[in-house]
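Chemist: Attaching a single structure in structure tokens format; questions to follow.
The values are calculated or read from the model by the stated rules, or taken from the named source; none is laboratory data. For clarity, every value in this text was computed on a predicted model and none was experimentally measured. Cβ atoms come from the backbone with ideal geometry, glycine included; neighbour counts cover every protein chain shown.
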Amino acid sequence: MRKRPTVTRRRAALRWLVALCLLAAASHVLGWYCMTPKRALRSMERTFFTEQTEFLARVELPYFSQELRLSGGPDVTLLAGYSFSWRSGWQGSNMVILERQRDWPFTAEWYGRMAVRDHVYTEYSYIFGCVEDPAVTELEIVYTAIRGGHDQTARLAARDWITGENGRRYFLYAMEPEEESWERCCSVTGYLADGTAAGTLQILDGRPYWE
Amino acid sequence: MTRREYTARVLICLRRVTRQEREAIQAEIDGHMEDHICALLGLGYPPELAEERTLALMGDPAEVGQELNRQYPFRWLAVKWGAIVLMLALALLVARPAWTWAGVVSDNLWNRFAPTHQLDLRELSLEGYVDGKYVRIASDVAEVDLRQTDGGVTMRVYQAGLEVPLAPKTEAWVSVCLYSENPFGETPQIYGDVIDMTGPLGREVTCTFFSGVKRSFTVRGQVRRGEELRFTYEQYGHRFDFSVPLPWGEALS
Amino acid sequence: MKKKQSIEHTQLLVLSLLAGEDMYGYQMIMELARRSDRTFEMKEGTLYPVLHGLEKDGYVEAYQQEAPTGRMRKYYHLTRRGGAALKTEAEAWKTYSGAVNAVLRSSPGLNLA
């Protein structure tokens, strides 16, 4: 005669908890609902067909309720905004991909976000990249305002490097926010230990190019 | 007091049980009394006396009910309901991405085994109707199967066609699709503007995406008679490089 | 003397009944009366809080099976945990009752065998 087991409250509760955990785990692994920023990063890497990278640095992005995270790998450097919401889990957005060039002294790229508050446009800019040549000891970032905004200059040295896997050196610099900045250009110059310039990269005029 | 009244008095003390649990308890106590009454009937008791004796031996229904109620603490019921609510909430949240993912899995499988289901050169037309005629992209289409895998993603060329196969110079088209080696894995969205195409002798070819077609696209370029169409995708450390044979027919004299 | 057993005596008796075979409620009442020579004749309704409590604590598990009359009956089965608890409590009871008997036997004026 067939036996039909009775399920106790405890067993039923545990079964539902297990089902919940399995659904959460499946959602995380399959990218439906990312429980961690790392999973969100993997989804974006897959979408854009880059390799896997590792998180290196993180800064709060004011006004946007997001954090910017820098990640790097053997072939690319990525900068993207990450945010968590109960509705969607961790999500990454506005990713900028910088392809590494091993025969260059360094690679650099600009990342910007515009916020509007009381009809005032404020731009938050970040310069990031990878120092490819170990001989490069300093970087100078020159931000020139053409229409609106103001000029800015910054120098990055060894203390500012972010060291990744295999000793690769990255950088991430937050420029001062600019209001009503409509046109500008930006260049990054690398310097060797003896003060010689290793090259100047224009990074805000279409694709980066050497001067 | 009757059997029914006894059970009712027990059940009235149960405040922490669900409807299912209440029915189970009722069935169990009813069944017990029925077994006892049947045993007494077997001994020759008349039905009324059998029931009376049974009820007398059952004990105080309120006491039984209160003791039973204590065996059902709210704790696990709360855990169960909480888990159900969270599961439903999570299921609602992931319904759309899960549906999208199902589409990705479907694309992976179609592109791996039957890519013409996604995009068939024979089904496409350049401009639709031209001068009242339905114009096809390629009038001669050959099935090919060229695959390259990099980073867990396979790019597959599965059709090659020529607009005018007999002409000395014409437009060549190939159908290309992508799938992930892991059927449940995400497949990249390689967009046309990031594909660096070069044809024979370095001539540029172009890449066209057709809306509504998943991870499938066509590559086209001008070719001279007898040439193969070559295209390369190279970015972010990944590289695909194809030389595609084309279905050239007999030359025009 | 222990003020409270970790398992009550009624629970101990129910567990020992189930050690032999799976039983349903009424069957347990009859078997208990038979084995104890009618010494233990509990109020039958009070068996069910005991059984449901043992089920809640994981000492027994229950299943429904069709009785010869066609009605579904709830049977109880001793779990491994219940078996271990039975063994432990039975040992404790044996020690306890042995000690009580020893004290009573040595008490003057009590003619106990």
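Chemist: If you go through the range A:26-41 one residue at a time, how many are under 18 Å from A:Gly81 (Cβ atoms) and in a helix (DSSP H, G or I)?
Modeler: Qualifying residue count for the region: 5.
Chemist: Across the range A:46-73, what is the number of residues that are at the interface with another protein chain (Cβ under 9 Å from one of its Cβ atoms) and crowded, with 18+ Cβ neighbours inside 10 Å? Reasoning before the result, please.
Modeler: In the first step, residues of the range A:46-73 are kept if they are at the interface with another protein chain (Cβ under 9 Å from one of its Cβ atoms); the result is A:46-51, A:73.
Adding the requirement that they be crowded, with 18+ Cβ neighbours inside 10 Å leaves A:46, A:48-50, A:73.
Here the count works out to 5.
Chemist: Evaluate the range A:96-112: report whether one residue or more is farther than 16 Å from A:Ile203 by Cα, of a type outside the set (Val, Ile, Thr), in contact (Cβ under 8 Å) with a residue 24 or more places away in the chain and buried (at least 17 other Cβ atoms within 10 Å of the Cβ).
Modeler: No, every residue in the range A:96-112 fails to be farther than 16 Å from A:Ile203 by Cα, of a type outside the set (Val, Ile, Thr), in contact (Cβ under 8 Å) with a residue 24 or more places away in the chain and buried (at least 17 other Cβ atoms within 10 Å of the Cβ).
Chemist: Any chance the range A:57-72 includes a residue that's part of a loop (DSSP other than H, G, I, E, B), touching a Lys or Arg at 6+ places or on another chain (Cβ under 9 Å) and within 21 Å of B:Val85 (Cα to Cα)?
Modeler: No, there is no match, as no residue in the range A:57-72 is part of a loop (DSSP other than H, G, I, E, B), touching a Lys or Arg at 6+ places or on another chain (Cβ under 9 Å) and within 21 Å of B:Val85 (Cα to Cα).
Chemist: So A:Ser187 fits all but one of (1) assigned to a strand (DSSP E or B); (2) surrounded by fewer than 17 Cβ atoms within 10 Å (Cβ to Cβ); what number is the exception?
Modeler: Exception for A:Ser187: condition (2).
Chemist: In addition: Would you please name the residue that is farthest from the other protein chains (Cβ to nearest Cβ), looking only at residues in the range C:36-90 that are among the polar types (S, T, N, Q) and surrounded by 14 or more Cβ atoms within 10 Å (Cβ to Cβ)?
Modeler: First pass over the range C:36-90, keeping only residues among the polar types (S, T, N, Q): C:36, C:39, C:46, C:64-65, C:69, C:79, C:88.
Restricting the remaining residues to those that are surrounded by 14 or more Cβ atoms within 10 Å (Cβ to Cβ) gives C:46, C:64-65, C:79.
Numbers: C:Thr46: 5, C:Gln64: 4, C:Gln65: 5, C:Thr79: 11 Å.
Of everything passing the filter in the range C:36-90, C:Thr79 is farthest from the other protein chains (Cβ to nearest Cβ).
Chemist: Here is a further query. Could you check how many residues of the range C:20-57 are closer than 13 Å to C:Thr10 by Cα and in contact with a strand residue (DSSP E or B) (Cβ under 7 Å, 6 or more places away or on another chain)?
Modeler: The qualifying residues number 2.
Chemist: Also, quick follow-up: Out of (1) over 22 Å from the mean Cα position of the chain (by Cα); (2) surrounded by 16 or more Cβ atoms within 10 Å (Cβ to Cβ); (3) under 29 Å from A:Thr50 (Cα atoms), what's the single condition that is false for A:Phe128?
Modeler: Answer for A:Phe128: the failing condition is (1).
Chemist: A further question on this structure: Before we move on, is A:Arg42 modelled with pLDDT of 90 or more, out of contact with any strand residue (DSSP E or B) (no Cβ under 6 Å at 6 or more places or on another chain) and either over 27 Å from A:Arg184 (Cα atoms) or away from chain B (no Cβ under 14 Å) (or both)?
Modeler: Working: modelled with pLDDT of 90 or more: yes; out of contact with any strand residue (DSSP E or B) (no Cβ under 6 Å at 6 or more places or on another chain): yes; either over 27 Å from A:Arg184 (Cα atoms) or away from chain B (no Cβ under 14 Å) (or both): yes.
In short, yes.
Chemist: Okay, moving on. Of the residues that make up the range A:158-168, is at least one exposed (fewer than 14 other Cβ atoms within 10 Å of the Cβ) and among the polar types (S, T, N, Q)? Explain how you work it out, then say what you get.
Modeler: In the first step, residues of the range A:158-168 are kept if they are exposed (fewer than 14 other Cβ atoms within 10 Å of the Cβ); the result is A:158-159, A:163, A:165-167.
Now drop any that are not among the polar types (S, T, N, Q), which leaves A:163, A:166.
Looking for residues that are exposed (fewer than 14 other Cβ atoms within 10 Å of the Cβ) and among the polar types (S, T, N, Q), one finds at least one in the range A:158-168, hence yes.
Chemist: While we're here: Would you tally the residues in the range B:3-18 being under 20 Å from B:Ala50 (Cβ atoms) and either assigned to a loop (DSSP other than H, G, I, E, B) or among the hydroxyl-bearing types (Ser, Thr, Tyr) (or both)?
Modeler: 2
Chemist: Of the residues that sit in the range B:59-75 and are touching an Asp or Glu at 6+ places or on another chain (Cβ under 9 Å) and not in a helix (DSSP H, G or I), which one is farthest from the other protein chains (Cβ to nearest Cβ)?
Modeler: Ranking the candidates gives B:Tyr72 first.
Chemist: Can you go through B:Ala56, B:Ala24, B:Ala91, B:Ala78 and tell me which one is part of a helix (DSSP H, G or I) and under 27 Å from the mean Cα position of the chain (by Cα)?
Modeler: Values: B:Ala56 fails: under 27 Å from the mean Cα position of the chain (by Cα); B:Ala24 fails: under 27 Å from the mean Cα position of the chain (by Cα); B:Ala78 fails: under 27 Å from the mean Cα position of the chain (by Cα).
After ruling out the rest, the residue left standing is B:Ala91.
Chemist: How many residues are touching a residue at least 12 places away in the same chain (Cβ under 8 Å) and hydroxyl-bearing (Ser, Thr, Tyr) when one looks only at the range C:89-102?
Modeler: So the first thing to find is which residues in the range C:89-102 are touching a residue at least 12 places away in the same chain (Cβ under 8 Å), and the list is C:89-90, C:92-93, C:96.
Now drop any that are not hydroxyl-bearing (Ser, Thr, Tyr), which leaves C:96.
Total meeting the criteria: 1.
Chemist: Looking for whichever is loosely packed, with under 13 Cβ neighbours inside 10 Å and over 27 Å from B:Leu11 (Cβ atoms) here; the options are B:Phe74, B:Phe113. Which one fits? If you could, list the steps in order and put the result at the bottom.
Modeler: Details: B:Phe74 fails: over 27 Å from B:Leu11 (Cβ atoms).
None of the other options fit; the residue is B:Phe113.
Residue by residue, here is whether (1) surrounded by 14 or more Cβ atoms within 10 Å (Cβ to Cβ); (2) within 14 Å of chain C (Cβ to nearest Cβ); (3) in contact (Cβ under 8 Å) with a residue 12 or more places away in the chain holds:
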site: B:Thr2; (1), (2), (3): no, no, yes
site: B:Thr7; (1), (2), (3): yes, yes, yes
site: B:Leu14; (1), (2), (3): yes, yes, yes
site: B:Ile29; (1), (2), (3): yes, yes, yes
site: B:Met33; (1), (2), (3): yes, yes, yes
site: B:Ile37; (1), (2), (3): yes, yes, yes
site: B:Leu41; (1), (2), (3): yes, yes, no
site: B:Met87; (1), (2), (3): yes, no, no
site: B:Leu92; (1), (2), (3): no, no, no
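Chemist: Right, another one. Being closer than 21 Å to B:Phe113 by Cα, out of contact with any His (no Cβ under 9 Å at 6 or more places or on another chain) and modelled with pLDDT under 90 is true for just one of B:Glu186, B:Glu228, B:Glu163. Which residue is that? It would help to see each step written out before you state the result.
Modeler: Values: B:Glu228 fails: closer than 21 Å to B:Phe113 by Cα; B:Glu163 fails: closer than 21 Å to B:Phe113 by Cα.
So the residue among B:Glu186, B:Glu228, B:Glu163 that is closer than 21 Å to B:Phe113 by Cα, out of contact with any His (no Cβ under 9 Å at 6 or more places or on another chain) and modelled with pLDDT under 90 is B:Glu186.
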